[in-house]
Amino acid sequence: QVQLVESGGGLVQPGGSLRLSCAASGFSFSSYVMSWYRQAPGKERELVARISSGGGNTNYADSVKGRFTISRDNALKTVYLQMNSLKPEDTAVYYCNAEAVNYFKERLMYWGKGTLVTVSS
């Protein structure tokens with residue numbers, strides 16, 4: 001079965017750092033674009049960072065540029081999100097996402113259950 005399991009969330013003070021991990025199984029990880037999304041209470045889910053299947057290209061939301069870094073290890077089937085200089089507005093549930101397009105041009109998308117990041121003093 002397809003699984004995306006996030007870890008690394010927790011409580012951190014403003015200015016601190018956390019590294020999230022997402023362990024994948026049950027699909028061809030190296031063929032998928034991997035992303036981190038987040039959703040704060042009362043807000044829409046937003047794309048935080050995205051990394052190409054080979055890891056050569058990344059994209060970030062303007063709100064996290066310069067602070068967050070997405071990376072992946074295809075051998076370990078894991079994607080990471082290094083979060084530095086955290087702000088209270090980064091507080092959200094962070095979700096791991098895998099996406100690709102199949103032979104019929106149908107969008108394939110898998111989601112993890114999320115991990116909570118709370119930035120507070």
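Each of residue 30 and residue 106 was given a label point 7 Å from its Cα along the Cα-to-Cβ line. The distance between the two points is 2.6 nm. Spin-label pair residue 58-residue 19: with each label point 7 Å from Cα along the Cα-Cβ axis, the two points sit 1.3 nm from one another. Sorting 104, 27 by accessible area puts them as 104, 27; the probe is 1.4 Å, largest comes first, and only protein heavy atoms count. DSSP beta bridges fully contained in the chain are about 95 percent antiparallel. Calculated translational diffusion coefficient of the range 1-57 (4 °C, 1.567 mPa s; Stokes-Einstein with Kirkwood radius over alpha-carbon pairs) equals 97 µm²/s.
Distance distribution P(r), the range 1-113, all Cα-Cα pairs, bin width 10 angstrom from 0: 14, 48, 30, 7, 1 percent. Taking the Kirkwood radius as Rh and the Cα radius of gyration as Rg, the range 42-101 has a ratio of Rg/Rh equal to 0.96. The gain in end-to-end length when the residue 71 to residue 113 segment is fully stretched comes to 13.2 nm, 0.36 nm per residue minus the alpha carbon separation.
Counting only residues at least eight positions apart within a chain, or on another chain, the lysines with an alpha carbon under 28 Å from that of residue 43 are 65, 87, 113. Working from Cα pairs under 8 Å separated by at least six residues, relative contact order for the chain is 35 percent. Applying the Karplus relation 6.51 cos²θ - 1.76 cosθ + 1.60 with θ = phi - 60° to the range 109-121 yields 3J(HN,Hα) values of 8, 10, 10, x, 7, x, 9, 8, 10, 10, 10, 7, 9 Hz, where x marks Gly and Pro.
The values are calculated or read from the model by the stated rules, or taken from the named source; none is laboratory data. Remember, it's a predicted structure, so these values are computed and weren't measured experimentally. So basically every Cβ, Gly included, is an ideal-geometry build from the backbone, and we count neighbours across all protein chains shown. We work out accessible area using only protein heavy atoms, side chains counted, and drop any ligands, DNA or RNA first. Shrake-Rupley method; radii C 1.70, N 1.55, O 1.52, S 1.80 Å.
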